[in-house]
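Enquirer: Quick one: this structure, given as C-alpha cells, is what I'll be asking you about.
The values are calculated or read from the model by the stated rules, or taken from the named source; none is laboratory data. Computed from a predicted structure; not experimentally measured. Please note: Cβ atoms are built from the backbone with ideal geometry, for glycine as well, and neighbour counts cover all protein chains shown.
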C-alpha cells in the first residue's frame with residue numbers, strides 16, 4: 001500500500017512538471033511582422049575647403065659628449081631655459097586661450113658609433129612644441145628661443161573650426177542623400193520610402209591642396225636671424241562628410 005502511494009506521487013510530480021515545461025515554451029510576445037518592400041543602399045557626400053588655422057612648430061636641441069649624464073644635463077638645461085622663455089611669451093596679458101600652447105616632446109640620449117663600430121660618444125636630443133592659433137606670436141617666439149632650432153612646421157584645422165565645417169557640409173550631404181532617395185522612389189514606381197539605417201563619416205584630407213608639413217633641419221642661425229619671425233603660410237584642408245544608409249521602398 002505504501003509503495004502504491006509513492007508511485008502515484010511520482011507520477012503526479014512528473015505530470016505537473018511536464019505541464020509547467022509546456023506552459024513555459026509558449027511565446028509570451030507576439031511574432032513581429034516582417035518588413036515588406038524593396039531595400040536600397042544609398043550614399044551621398046559634400047565637401048568644403050577650409051584654411052588651416054592651427055600652427056604647430058617643433059623645435060629641437062642636440063648635444064654631443066663623451067658621457068651620457070653630461071649630455072643629458074646639457075640637453076635638459078637648454079630645454080628648460082627655452083621653455084621658461086616661451087612660457088613668458090605665452091603668459092602675456094593679451095594672450096587668449098588657445099593662442100599659444102607649449103609642450104615638451106621626446107628626450108633621448110643614445111650612443112654614437114664610429115666606422116669601426118666602436119663607441120665614439122653620446123648624442124642627446126630634446127623637443128619643444130609650440131602650437132596654437134596666434135600665428136604671429138608662435139612664429140616670433142619660435143625664432144627667438146635660444147639654443148633650439150626648428151625641425152618641423154605643421155598646419156592643422158583646430159577642433160572648433162572642424163566642428164563648424166562638419167556642421168556646414170553635413171546638412172548639404174544629408175540634403176543630397178534625401179534627394180537621391182526621393183528620386184529613386186519615383187524612378188522605381190514606389191509610393192514612399194522609410195529610412196532603415198544611416199551612418200555619417202567625416203574625412204579631413206589636406207593632401208594635394210597644399211603642403212601641410214614642412215621639415216626643416218637648421219643649425220643655429222645666430223642672434224640676428226633669431227630676432228625675425230619665421231615665414232610660414234597656411235594651406236587648405238578638404239573636409240568631406242559622407243552619408244550612407246539603407247531605405248525601404250514601398
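Enquirer: Please give the number of the condition residue 203 fails out of (1) at positive phi; (2) under 19 Å from the mean Cα position of the chain (by Cα).
Expert: With respect to (1) at positive phi; (2) under 19 Å from the mean Cα position of the chain (by Cα), residue 203 is out only on (1).
Enquirer: Same structure, new question: Can you name the residue in the stretch 39-62 that is closer than 30 Å to residue 190 by Cβ and loosely packed, with under 13 Cβ neighbours inside 10 Å and is also modelled with the lowest pLDDT among such residues?
Expert: Only one residue tops the list, namely 39.
Enquirer: Right, another one. Quick check: anything in the stretch 15-38 at pLDDT 50 or above, within 51 Å of the chain's Cα centre (by Cα) and not in a loop (DSSP other than H, G, I, E, B)?
Expert: yes
Enquirer: Go over the candidates 130, 169 one by one and state the one that is farther than 23 Å from residue 201 by Cβ, buried (at least 18 other Cβ atoms within 10 Å of the Cβ) and touching a residue at least 24 places away in the same chain (Cβ under 8 Å). First the steps, then the outcome.
Expert: Details: 169 fails: farther than 23 Å from residue 201 by Cβ.
So the residue among 130, 169 that is farther than 23 Å from residue 201 by Cβ, buried (at least 18 other Cβ atoms within 10 Å of the Cβ) and touching a residue at least 24 places away in the same chain (Cβ under 8 Å) is 130.
Enquirer: For the stretch 63-96, how many residues meet the condition of being buried (at least 16 other Cβ atoms within 10 Å of the Cβ) and out of contact with any helix residue (DSSP H, G or I) (no Cβ under 6 Å at 6 or more places or on another chain)?
Expert: Number of matching residues: 11.
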